[in-house]
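Written out below as structure tokens is the structure these notes cover.
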Amino acid sequence: MYRNLCQDLSAIIERDPAASNRLAVIFLYPSFQVMVAYRVSHVLWCIGFHFIARLIMQIARILTGIEIHPAAKIGPGFFVDHGMGTVIGQTTEIGRDVTLYHDVTLGGVMPAIDSQKQRDAKRHPTLGDYVIIGAGAQILGPITVNRCARVGGNSVVTKDVPEGATVVGVPARQMNKGDPKPSGERSFMPYAVHSGLDSDPRERTIRALADELQSQRSALSNLEKQLGNLGRPAAIKKQKAKPKSGS
């Protein structure tokens with residue numbers, strides 16, 4: 001538990017340029033404070049003290065604005081930037097060095113339907129190592145966001161995300177083929193937004209169709225002009241050949 005907390009602390013120092021020193025992180029960062037509560041309550045949950053574990057996390061939720069179920073499994077190096085409004089469900093599993101921004105929900109798809117049947121079932125997502133989830137994203141259901149994947153802000157993800165892929169939108173769709181390198185080997189991308197080198201495939205398709213339509217319009221306009229020019233000399237000749245009415 002102590003080793004995991006040390007890695008959580010180091011993760012904040014490494015990934016947040018506003019983190020000036022470890023003392024500031026300990027006293028001023030809700031992400032670290034909620035992880036202290038979670039690491040303790042998770043141990044209590046695992047040994048059967050469920051009510052006390054839930055009570056600790058309820059108090060932590062009031063103080064930090066971050067809601068984590070004590071039964072969730074969270075690896076070392078976890079960081080919730082800003083944190084307010086983040087919800088992590090009971091059967092969630094999170095790998096190492098994962099970054100979440102504020103208002104992220106790791107929830108179930110149908111929590112109010114057949115709740116008795118869902119009690120012992122896996123109903124929340126699994127996040128692999130080095131995943132980044134942008135602000136406001138909703139990751140719903142027992143899906144897997146694989147290693148090094150990125151989820152753009154305000155996206156709604158209900159299907160598995162391949163390793164190293166970036167997904168955006170509602171519903172989320174993949175924007176690149178994936179780059180399965182850990183965060184230490186690639187630049188950290190705030191809010192899970194790419195540099196613009198990889199554009200949305202649908203946007204590329206629509207742009208190509210628009211360009212093709214414009215090209216066809218230009219070709220049709222040129223053809224109409226050519227047909228008009230061909231018809232004009234014939235009309236002039238016909239007008240000249242027509243006899244005058246008084247002769």
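The values are calculated or read from the model by the stated rules, or taken from the named source; none is laboratory data. Being a predicted model, the structure only gives us computed values, none of them experimental. Cβ atoms come from the backbone with ideal geometry, glycine included; neighbour counts cover every protein chain shown.
Filtering the range 119-128 to residues that are surrounded by fewer than 17 Cβ atoms within 10 Å (Cβ to Cβ) and not basic (Lys, Arg) leaves Asp120, Ala121. The conditions of being at pLDDT below 90, surrounded by fewer than 22 Cβ atoms within 10 Å (Cβ to Cβ) and of a type in the set (Val, Ile, Thr) are not met by Val156. Looking only at residues of the range 94-129 that are under 22 Å from Ser155 (Cα atoms) and among the small types (Gly, Ala, Ser), we find that the one that is modelled with the lowest pLDDT is Gly108.
For the range 1-34, a tally of residues being assigned to a loop (DSSP other than H, G, I, E, B), closer than 22 Å to Gly85 by Cβ and in contact (Cβ under 8 Å) with a residue 12 or more places away in the chain returns 2. Determine whether Asp103 is outside the structural domain of His50 (by TED's automatic domain parsing), crowded, with 17+ Cβ neighbours inside 10 Å and either free of Cβ contacts under 8 Å to residues at least 24 places away in the same chain or not basic (Lys, Arg) (or both). It is true that Asp103 is outside the structural domain of His50 (by TED's automatic domain parsing), crowded, with 17+ Cβ neighbours inside 10 Å and either free of Cβ contacts under 8 Å to residues at least 24 places away in the same chain or not basic (Lys, Arg) (or both).
The set of residues from the range 118-146 being within 12 Å of Thr99 (Cα to Cα) and out of contact with any strand residue (DSSP E or B) (no Cβ under 7 Å at 6 or more places or on another chain) comprises Asp129, Tyr130, Ala135. Of all the listed residues (Arg150, Arg123), the sole one being among the charged types (D, E, K, R) and touching a helix residue (DSSP H, G or I) at 6+ places or on another chain (Cβ under 8 Å) is Arg150. Of the residues screened, Thr91 is not one that is under 18 Å from the mean Cα position of the chain (by Cα), under 26 Å from Val151 (Cβ atoms) and among the polar types (S, T, N, Q).
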